[in-house]
Structure formats: C-alpha cells, structure tokens
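Down below is the structure, laid out as structure tokens.
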Amino acid sequence: MDIFRLTFQLGVFFAIYSFIWFFIDIGIKIMTSGMVKGVLFTYLTKAIKYLFLVNVIFLLSIGENQNATVNIQSLVPVVFILFLYFIGKFQKNQNTNALFSRMGVQSSKTQFNARYEIGLISLSFLTFVLLVLEPYLANNVIARWFKESIIDIETTRIIGFIFKVIGFFFLLNILTKTIHSFQYIIGKLTSAKSDSGQDQFDDFEEVE
C-alpha cells in the first residue's frame, strides 16, 4: 500500500472513529450528569479514546494477521501519520483553549493541560509499541467492535462517501504539514550553516 493511499485510508478511519466516539461521549455525559467533572475526568475519558484509537488503527493496519509476526517496517508510515494526527489534535486543543480563555469562557470543552496532553500522546505510542510486541493484546472485544463498525460505516454507500471526502482532506492536511515540516528543518539547517560561516568570518576580521 503506497503512502498516499495509506494516509487517505487512515484519514477515513480517524473520521469514522471520531464519529462513533461522538455518540459514546454523549452516553458518558448522560451517565455522569450531575457529577462534578474536573480536568482528571476529562483526560481519563480522552485516554480511553486515544488508547482504543491506537488499538483499532493497529488492527486495521495489520489486517487479518493478528496472530502472526507483525511486519514492523510496514507500520513505520502508520506511526508517522499517527504522530502527525496527535500533534494536530494537540495544536487544535491548545488553540481552542487559548481562544476561549481570551473570551473568558471556561468549560469542560476548554480544559487543557499541555503536560497531560503530552503524557497521553506518549502513552498512546507506548501502547502501539506494546501491541507490536504482543499483537494478541489488540484482538479484544471492544477493539474488534470498533473495527467492524468502522468497516461497516465505510462500506455504506452515502455516509461512506462522506467520510471518504473527509479522508481526502485529511490527506491534503498531512501532505501540507509534512511539506511545512521539511521546509522548517531545511530553513533551520540553512540558517545554522549561514550563522556558522558568518561567525568564522567575524573571527577572521578580528584577528586581522
């Protein structure tokens, strides 16, 4: 599977998973209505969401080879796309929190803690590594239900097409982020070389 097709497919999976989780989140809010929910509760819910997302993406990536040896090399692009996805979520949550803070609005939706966010992303990648080492752990009832639900929705004619459109825009977003990342790195390297050359020239001028 080429990188463009993989990125597009993962974009569809991410979108459908978020769609399913939207209804799960509503159910959680109904069941916990009246409870005082702080930042820890918010991030506990988010941790469950992220960990099952990683679990489901792992299952979808390895196909029917849950009990076979996992080809680690084939999962490298998946890890890279997951990284960009989580970074995008981090930036979005950070920007949303900053916007609402400037407006003086505080709610469970605007609760943001950079340390917790980074911890969640790190935990998610550690979970992915664990699943690579122990693939049988990924084949649990909840993850299989998510996987089957995602595939069912994707193959539905109308709603599946809608999520494919979302997947296309996800592909464009990932490509844009990748290009900007390379431009940033190249710019930094070029700037460092330029500064180094300038320093050497300045030293020579001082000696003279």
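The values are calculated or read from the model by the stated rules, or taken from the named source; none is laboratory data. Just so we're clear, the structure is a prediction, and the values are computed from it rather than from any experiment. Positions of Cβ are backbone-derived with ideal geometry, glycine not excepted, and every protein chain shown enters the neighbour counts.
Can you find, within segment 1-54, the residue that is nearest to Ile179 (Cα to Cα) among those that are among the polar types (S, T, N, Q) and surrounded by fewer than 18 Cβ atoms within 10 Å (Cβ to Cβ)?
Here is the first cut: in segment 1-54, the ones among the polar types (S, T, N, Q) are 7, 9, 18, 32-33, 42, 45.
Checking the rest, the ones that are also surrounded by fewer than 18 Cβ atoms within 10 Å (Cβ to Cβ) come to 18, 32-33, 42.
Details: Ser18: 26, Thr32: 43, Ser33: 44, Thr42: 33 Å.
Per the stated criteria, the residue is Ser18.
Which residue, of Asn71, Asn55, is within 26 Å of Glu148 (Cβ to Cβ) and modelled with pLDDT under 85?
Numbers: Asn55 fails: modelled with pLDDT under 85.
Of the residues listed, the single one that is within 26 Å of Glu148 (Cβ to Cβ) and modelled with pLDDT under 85 is Asn71.
Taking interchain pairs and intrachain pairs at least six residues apart, which have beta carbon atoms under 7 angstrom, with the first residue in segment 112-137 and over 13 Å from Phe83 (Cα atoms) and the second surrounded by 18 or more Cβ atoms within 10 Å (Cβ to Cβ) and among the small types (Gly, Ala, Ser)?
The qualifying pairs are Leu131/Ala138.
How many residues, within segment 1-36, are assigned to a helix (DSSP H, G or I) and polar (S, T, N, Q)?
3
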